[in-house]
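Peer 1: Pasting a structure below so you can have a look.
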Amino acid sequence: LYRMPRRSTISELLRRAGGVLPNADLRAAVFTREEIRRREVEQLKQLEQELVAETVSESGIAEGGTESVQDAVEVGRSLTQLQETQAVGRLVINLPAIIAGQTNQDVILEDGDVLVLPSIRQSVTVLGEVLFPTSHVYQASYNQSQYLEMSGGPSRRADMARAFVIRADGSVTPLSKFDSSFSLGSIASSVAIEPGDTFVIPRDVDDLPALDLWTKISQIIYQSAVTLAAVGSL
């Protein structure tokens, strides 16, 4: 813990701490802020209310039958995940740029801010609707399709069109931004996967109400899990 002068910055905090260790993964730095965490708590509550309201208003899961039962189970599972998701208050920062002296990337500190520097990771994680969600040793020559194959490929309910990558710095990159026709076999056009990245295959929710809401919920759940895993690895 450091008591810093008012309007100190991240770069000043690092100098006060004596710099970074050689094994620190600058890309994976986790910077959290209490004000952002409080906003996330409110957002999670609002999303929970919207999820319940949308599914009830659509009445899509109240018609009976096998599909309706499956949808009801999916709604219940996602609602439980949402309720269990921890707000972390992460602010995405470019620590390499800050250390390089780019003042426009530096951040003025506030009371309660926390900066965590994990050690360098040599893994890529695949989560979501795949047969074997797990982490793999990073291979410089591999792309997203090969990591997906190493996890057994997508499940029957996978939505490849909405797959995304959570970068080590916490930012989210939709795969469709790079390759709108991405599929398991699309090797030619691919996203550069880097150590510490998490490749997420969400569930196909086209058959459920409030598609945009479900997409937002899945990103929040996985972003929180990735951040907590990075902090917990220390």
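The values are calculated or read from the model by the stated rules, or taken from the named source; none is laboratory data. Note that the structure is a prediction, hence the values are computed from the model and not measured. Heads up, the Cβs are rebuilt from the backbone with ideal geometry, glycines too, and the neighbour counts pull from every protein chain shown. These accessible areas exclude ligands, DNA and RNA; they are computed on the full protein's heavy atoms, side chains included. Shrake-Rupley method; radii C 1.70, N 1.55, O 1.52, S 1.80 Å.
Peer 1: Among the residues of the range 89-103, how many are assigned to a loop (DSSP other than H, G, I, E, B), of a type in the set (Val, Ile, Thr) and more than 19 Å from residue 33 (Cα to Cα)?
Peer 2: 0
Peer 1: Being closer than 29 Å to residue 14 by Cα and open to solvent by less than 20 Å² (accessible area, probe 1.4 Å): is that true of residue 108 here?
Peer 2: No; evaluated as a whole, the condition is false for this residue.
Peer 1: Do you know which residues across the range 145-166 are crowded, with 18+ Cβ neighbours inside 10 Å and either without any contact (Cβ under 8 Å) to a residue 24 or more places away in the chain or part of a loop (DSSP other than H, G, I, E, B) (or both)?
Peer 2: 151, 159, 163
Peer 1: Taking into account only those residues within the range 82-92 that are of a type in the set (A, V, I, L, M) and in contact with a strand residue (DSSP E or B) (Cβ under 7 Å, 6 or more places away or on another chain), which is most open to solvent (accessible area, probe 1.4 Å)?
Peer 2: Among those that are of a type in the set (A, V, I, L, M) and in contact with a strand residue (DSSP E or B) (Cβ under 7 Å, 6 or more places away or on another chain), it is 91.
Peer 1: Any residue that is in a helix (DSSP H, G or I), open to solvent by less than 80 Å² (accessible area, probe 1.4 Å) and at pLDDT 75 or above - is there at least one of those in the range 56-75?
Peer 2: Scanning the range 56-75 turns up no residue that is in a helix (DSSP H, G or I), open to solvent by less than 80 Å² (accessible area, probe 1.4 Å) and at pLDDT 75 or above.
Peer 1: Looking only at the range 35-48, decide whether some residue is of a type in the set (A, V, I, L, M), at pLDDT 85 or above, over 19 Å from residue 85 (Cβ atoms) and part of a helix (DSSP H, G or I).
Peer 2: no
Peer 1: Determine the pairs where a residue that is within 15 Å of residue 31 (Cβ to Cβ), located within the range 1-12, has a partner that is assigned to a loop (DSSP other than H, G, I, E, B) and of a type outside the set (Phe, Trp, Tyr) with Cβ atoms under 6 Å apart, the partner being 6 or more residues away or on another chain.
Peer 2: From the range 1-12, the pairs are 4/109; 8/109; 9/106; 10/106; 10/107; 11/106.
Peer 1: Anything in the range 19-55 that is open to solvent by 70 Å² or more (accessible area, probe 1.4 Å), within 30 Å of residue 120 (Cβ to Cβ) and without any contact (Cβ under 8 Å) to a residue 24 or more places away in the chain? List them, or say none.
Peer 2: Answer for the range 19-55, where residues must be open to solvent by 70 Å² or more (accessible area, probe 1.4 Å), within 30 Å of residue 120 (Cβ to Cβ) and without any contact (Cβ under 8 Å) to a residue 24 or more places away in the chain: just 22.
Peer 1: Here is a further query. Yes or no: residue 95 at pLDDT 95 or above and either closer than 22 Å to residue 152 by Cβ or open to solvent by less than 30 Å² (accessible area, probe 1.4 Å) (or both)?
Peer 2: Yes.
Peer 1: Could you list, in sequence order, the residues of the range 104-138 that are touching a residue at least 60 places away in the same chain (Cβ under 8 Å) and not in a loop (DSSP other than H, G, I, E, B)?
Peer 2: 108, 114, 115, 116, 119, 123, 124, 125, 126, 127, 128, 130
Peer 1: Check whether at least one residue in the range 206-216 is assigned to a helix (DSSP H, G or I), open to solvent by less than 20 Å² (accessible area, probe 1.4 Å) and modelled with pLDDT of 75 or more, and report yes or no.
Peer 2: yes
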